[in-house]
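The values are calculated or read from the model by the stated rules, or taken from the named source; none is laboratory data. Predicted model, so just to flag it, every value in this text is computed and none were measured. So basically every Cβ, Gly included, is an ideal-geometry build from the backbone, and we count neighbours across all protein chains shown. Note: areas computed on protein heavy atoms with side chains; ligands, DNA, RNA excluded. Shrake-Rupley method; radii C 1.70, N 1.55, O 1.52, S 1.80 Å.
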Amino acid sequence: MAGNSGDFELVATVVVDLTAPLAPAAPQIAVDADSSTKGDRLTNQAAVSAQVSLAGTGAMAGDTLEVLLATPVVGTMILADADITAGTVAVALSQNLAEGANTVSTRIRDLAGNQGRGTSATFTLDTIAPAAPTGLGLAQATDTGIAGDLVTTSTTVTLRGEVAEPAGAPVIVFVNGDTVGRQVTTFNDNGTTR
């Protein structure tokens, strides 16, 4: 070393990011596992993906989307430019849903480590087939024979009966394997559904 000295200056730009991403919209069950009415968050499949809209979150490529089932993180995705452009992503859950109601939350963590607020929704898993209707028979208006004998001269009939499903559940009527009627259950005065 010759012992020469000189001025030396190192210039660096540091970006301080203290702003967390905004919360995503409430998650939905991805279309491939949504076995009920689309968007109702009801399924009969335990293994699902959460569909998450990124619109309005301020998410950027490199941010991490986390999906939680109750409290543990069960799915993550590092967002790419294509995800941001698409605006919606699906993240497979590494843990199956349990029978009944499941709280699924989503949140975004940016590259600086700022964690955004989470948004939750309830995904309901229903794998239990309903019991057969009870008291099935012809409605009085279409029962032209002896009451309750299931014989009628009417070519168009109305059936009655009670089901163990909640109000709003679909009931489908089949004749020889063909669907001939569809109705949504309603409440009776005594609290049962029909």
message: Can you compute the FRET efficiency between Ala70 and Thr142 using 1/(1 + (r/R0)^6), with r the Cβ-Cβ distance and R0 = 41 Å? Round to the nearest 0.05.
response: 0.25
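Residues with beta-carbon under 11 Å from that of Glu66, excluding Glu66: net charge, scoring Lys, Arg +1 and Asp, Glu -1? Could you put the intermediate results ahead of the total?
On the way: positive: Arg107, Arg109; negative: Asp63.
Cβ neighbours under 11 Å give a net charge of +1.
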- prompt: Can you give the accessible area of Thr144, probe radius 1.4 Å, in Å² rounded to 10?
  reply: 70
- line: Sorted on mean Cβ neighbours within 10 Å (highest first), peptides 159-165, 169-175 come out as 159-165, 169-175
